[in-house]
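Scroll down for the structure; my scribbles are underneath it.
The values are calculated or read from the model by the stated rules, or taken from the named source; none is laboratory data. What you see is a predicted model; the values in this text were computed from it and never measured. Neighbour counts run over all protein chains shown; Cβ positions are idealised from the backbone, glycine included.
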Amino acid sequence: MLSPLKSCVFSAKNNQVQRPNILSWIFALRTSVADVICAGHKLQSRIIILIITVMLFSGCGYNTMQRNEEAVFKSWGDLESQLQRRADLIPNLVAVVKGYAAHEKETLEAVIEARARATSVQLSAESLSNPEAVANFQAAQGALSSSLARLMVVVEKYPDLKANQNFMDLQHQLEGTENRISVARQRYNQAVENFNFSIRKFPNSLTNSMMLHLERKEYFKADESAQEVPKVEF
């Protein structure tokens, strides 16, 4: 059994041996807490950066410009569909007119040729920023509109043709299609106007020049010559 003096000495020595282990544990705990706090700050910083990035993208027109471009593409598809519908009606219309006015060969051939040119000139949505391509497409469609207008004036000379049920049905469909073409053209031009403005205004213009590189779209104008009533001698 140890004497009180020896017991005190042993206890003191034991405490001296254990004290470094306690200090190491405290230091390790402080380090772990610091790491957790640091990791929390990093996560918080990343979240803040993400929120700021989202806000910047939404405020700089990044999504708006792309949405406006998609609206242009959609409206162009609608216009293209109506132009194709008109082209599909022409062969039957020419066939009916030919049955009553075969000697109007020049007018009928002009319509057929204009239709062939109009259907051969294609314009994809990706080419809407190409002024030359859009101008060529407009010219072909304008020539077809003009030839159809001349044909309808020629029809006025043939009362029996005008009274033909097939002709009246086709004429009604053609008139309806022309009206839909006009509406689709207006909607397309409105979509183009919205898009062109969205890529030019600040700060969208900066975002577009640095990231998207979107180009302005061309308007689809009505052919002025098609609005004039052709003169035909009776």
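Couple of notes before you dig in:
- Within the range 123-134, restricting attention to residues that are surrounded by fewer than 20 Cβ atoms within 10 Å (Cβ to Cβ) and touching a residue at least 12 places away in the same chain (Cβ under 8 Å), the residue that is nearest to ALA222 (Cα to Cα) is VAL134.
- Scan of the range 146-192 for residues that are basic (Lys, Arg) and at pLDDT 95 or above, ordered by number: ARG180, ARG185, ARG187
- Residues of the range 178-194 that are surrounded by fewer than 19 Cβ atoms within 10 Å (Cβ to Cβ) and farther than 23 Å from LEU214 by Cα: GLU178, ASN179, ARG180, SER182, VAL183.
- Just so you know, in the range 68-114 the residues that are of a type outside the set (A, V, I, L, M, F, W, C) and outside any helix (DSSP H, G or I) include one that is surrounded by the most Cβ atoms within 10 Å (Cβ to Cβ), and it is GLU104.
- Flag for ASN164 being more than 18 Å from VAL96 (Cα to Cα), assigned by TED's automatic domain parsing to the domain that holds VAL72 and either surrounded by 15 or more Cβ atoms within 10 Å (Cβ to Cβ) or not small (Gly, Ala, Ser) (or both): no
- Answer residue from the range 115-132, given it is part of a helix (DSSP H, G or I) and under 18 Å from the mean Cα position of the chain (by Cα) and is nearest to LEU83 (Cα to Cα) among those: ALA125
- PRO203 being over 19 Å from ASP88 (Cα atoms), touching a Cys at 6+ places or on another chain (Cβ under 8 Å) and either in contact (Cβ under 8 Å) with a residue 40 or more places away in the chain or surrounded by fewer than 17 Cβ atoms within 10 Å (Cβ to Cβ) (or both): yes
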